[in-house]
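One structure is given below, encoded as structure tokens.
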Amino acid sequence: MNNYLDSIIKRDPAARDKLSIILTYPGVKAVFFHHLAHKIWNYKFYLIARMISQFSRFLTGIEIHPGAKIGKNLFIDHGMGVVIGESSKIGNDVTLYHGVTLGGISPSVNSDQQRNIKRHPTLQDNVIVGSSAQIIGPITVGECARIGANTVVLKNVPANATMVGNPAKNISTNTDTSFKPYGVRDIDDNE
């Protein structure tokens, strides 16, 4: 738990202390409830797991399906409106901002044939996803990629890419893996 809270302090300048993070960050609560729901889901108590997930959604405004697989140190900043689908897989040290959707593209026809197949995205380690971005389908977003706010991603994203637009376009391949959520490079005041 300490490592998780420390990872949030490193990524959020508004995070002043661990107690305030625990008490006031909806993303932390959503991740906690998800871990509980996911364990119950794995024991095949699907209804109970879904009930925990819906209770968490009611409390936090963040919907994480109990079947989603989440690595260490997921930080959901602000969080309202985040949706993480059932077959999503999220690596370590990923940051999501409010309004992000990790969704499927499968239509509701032939639902029986779509059960237990990969329908949602995989985010590898150290991915940053900006506000209201939509990542749709069984695609992979590579390590250290950045997805800009309001971007719609429908195809695989290479590692270290910076994707923006609708449809998403790669505007930069950045080998600097430090945490820089708001831009592809430092901005010089003289520009």
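The values are calculated or read from the model by the stated rules, or taken from the named source; none is laboratory data. Because the structure is a prediction, the values reported are computed rather than measured. So basically every Cβ, Gly included, is an ideal-geometry build from the backbone, and we count neighbours across all protein chains shown. These area figures cover heavy atoms from the full protein model, side chains too; ligands, DNA and RNA do not enter into them. Shrake-Rupley method; radii C 1.70, N 1.55, O 1.52, S 1.80 Å.
Within region 2-23, residues that are within 14 Å of Thr95 (Cα to Cα) and free of Cβ contacts under 8 Å to residues at least 24 places away in the same chain reach no partner that is assigned to a loop (DSSP other than H, G, I, E, B) and of a type in the set (D, E, K, R) with beta carbons closer than 6 Å at six or more positions or on different chains. For region 139-168, a residue qualifies if it is touching a residue at least 40 places away in the same chain (Cβ under 8 Å) and either open to solvent by less than 70 Å² (accessible area, probe 1.4 Å) or of a type in the set (Lys, Arg) (or both), and exactly one does: Ala149.
Here are some residues: Lys29, Lys44, Lys39. Which one is farther than 23 Å from Ala145 by Cβ, open to solvent by 40 Å² or more (accessible area, probe 1.4 Å) and assigned to a loop (DSSP other than H, G, I, E, B)?
Values: Lys29 fails: assigned to a loop (DSSP other than H, G, I, E, B); Lys39 fails: assigned to a loop (DSSP other than H, G, I, E, B).
Criteria check complete, one pass: Lys44.
Regarding Phe55, is this residue at pLDDT 95 or above, under 20 Å from Tyr97 (Cα atoms) and in contact with a helix residue (DSSP H, G or I) (Cβ under 9 Å, 6 or more places away or on another chain)? In short, no. The residue that is modelled with the lowest pLDDT, counting only those in region 62-86 that are touching a Gly at 6+ places or on another chain (Cβ under 6 Å) and at positive phi, is Gly79. Scan region 96-138 for residues that are hydrophobic (A, V, I, L, M, F, W, C) and either over 21 Å from Thr173 (Cα atoms) or surrounded by fewer than 17 Cβ atoms within 10 Å (Cβ to Cβ) (or both) and the total you get is 6. So, in region 22-52, of the ones that are among the β-branched types (Val, Ile, Thr) and farther than 21 Å from Gly99 by Cβ, which residue ends up modelled with the lowest pLDDT? By that ranking, first place goes to Ile22.
Looking for something open to solvent by less than 50 Å² (accessible area, probe 1.4 Å), farther than 19 Å from Ile128 by Cβ, without any contact (Cβ under 8 Å) to a residue 24 or more places away in the chain and touching a strand residue (DSSP E or B) at 6+ places or on another chain (Cβ under 9 Å) - is there at least one such residue anywhere in region 72-90? Within region 72-90, not a single residue is open to solvent by less than 50 Å² (accessible area, probe 1.4 Å), farther than 19 Å from Ile128 by Cβ, without any contact (Cβ under 8 Å) to a residue 24 or more places away in the chain and touching a strand residue (DSSP E or B) at 6+ places or on another chain (Cβ under 9 Å).
Kindly indicate whether Asn116 is over 16 Å from the mean Cα position of the chain (by Cα) and more than 19 Å from Asn92 (Cβ to Cβ).
Numbers: over 16 Å from the mean Cα position of the chain (by Cα): yes; more than 19 Å from Asn92 (Cβ to Cβ): yes.
For Asn116, the condition - over 16 Å from the mean Cα position of the chain (by Cα) and more than 19 Å from Asn92 (Cβ to Cβ) - is met.
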